[in-house]
1. Quick one: helix 75-92 against the long Cα principal axis of the chain, what's the angle to the nearest 10°, folded into 0 to 90?
2. Going by average Cβ density within 10 Å per residue, which order do the peptides 80-91, 133-144 take, highest to lowest?
3. With a cut-off of 15 Å, note down the residues of segment 39-62 whose backbone N falls inside the zone around a label point 7 Å from the Cα of residue 5 toward its beta carbon.
4. Can you tell me which of 145-158, 52-65, 11-24 comes out highest on packing, and rank the rest after it, using the mean Cβ neighbours within 10 Å?
5. Hey, what did segment 9-163 get for relative contact order, percent, Cα under 8 Å, at least 6 apart?
6. Of all beta bridges DSSP finds with both residues in the chain, what is the antiparallel percent, to the nearest 5?
7. Out of all Cα-Cα pairs in segment 54-133, roughly what percent, to the nearest whole number, are more than 20 Å apart?
8. Can you grab the distance from the C-alpha centre of segment 1-70 to the C-alpha centre of segment 87-164, Å, no decimals?
């Protein structure tokens, strides 16, 4: 049984973009093939909720091999998209200090429920359950066409840029 929805995704205005890819690049370090979020459409600092989306393209680097003739977004990339959404929230709210980026600290309770394929718009919603400078934890849900495609608990940790 899927978990209770963080919010009613039908209430999201996906045309009201708060940050496009360029805006996301202002706070997230991923570039090129590893940019897994196209837009941010909601930031609710009071409730630690953030939402965004990724339009899955047929020319992405993984489509030729995962799986030939029947491309399916790899689960690891769904988790990466979830982590990037959480990173955007933490970095844009200045939860961690200058000289740090939000690193992927771990995943828990990951479940894949429906396939995500080229042509889909993956809508992601995250709620911070612990938002702190030393470690942040978020519950993330991903939807395609109103149905939950996956959910996970994402753990983020600050990484010093000088160590990278």
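A short reminder: the numbers here are calculations on the coordinates, not readings from a lab. Quick caveat: nothing in here was measured; it's all calculated off a predicted structure. Quick reminder, even Gly has a Cβ in these numbers, built from the backbone with ideal geometry, and neighbours come from all protein chains shown.
1. Helix 75-92 and the main axis of the chain meet at about 30 degrees.
2. The packing order, highest mean first, is 80-91, 133-144.
3. Within reach of a label on residue 5: 51-52.
4. Numbers: 145-158: 18.6, 52-65: 15.4, 11-24: 13.3.
Most protected by this proxy first, the peptides run 145-158, 52-65, 11-24.
5. 23
6. Of the beta bridges lying entirely in the chain, close to 100 percent run antiparallel.
7. It works out to 42 percent of all Cα pairs.
8. Taking the Cα centre of each part, segment 1-70 and segment 87-164 sit 10 Å apart.
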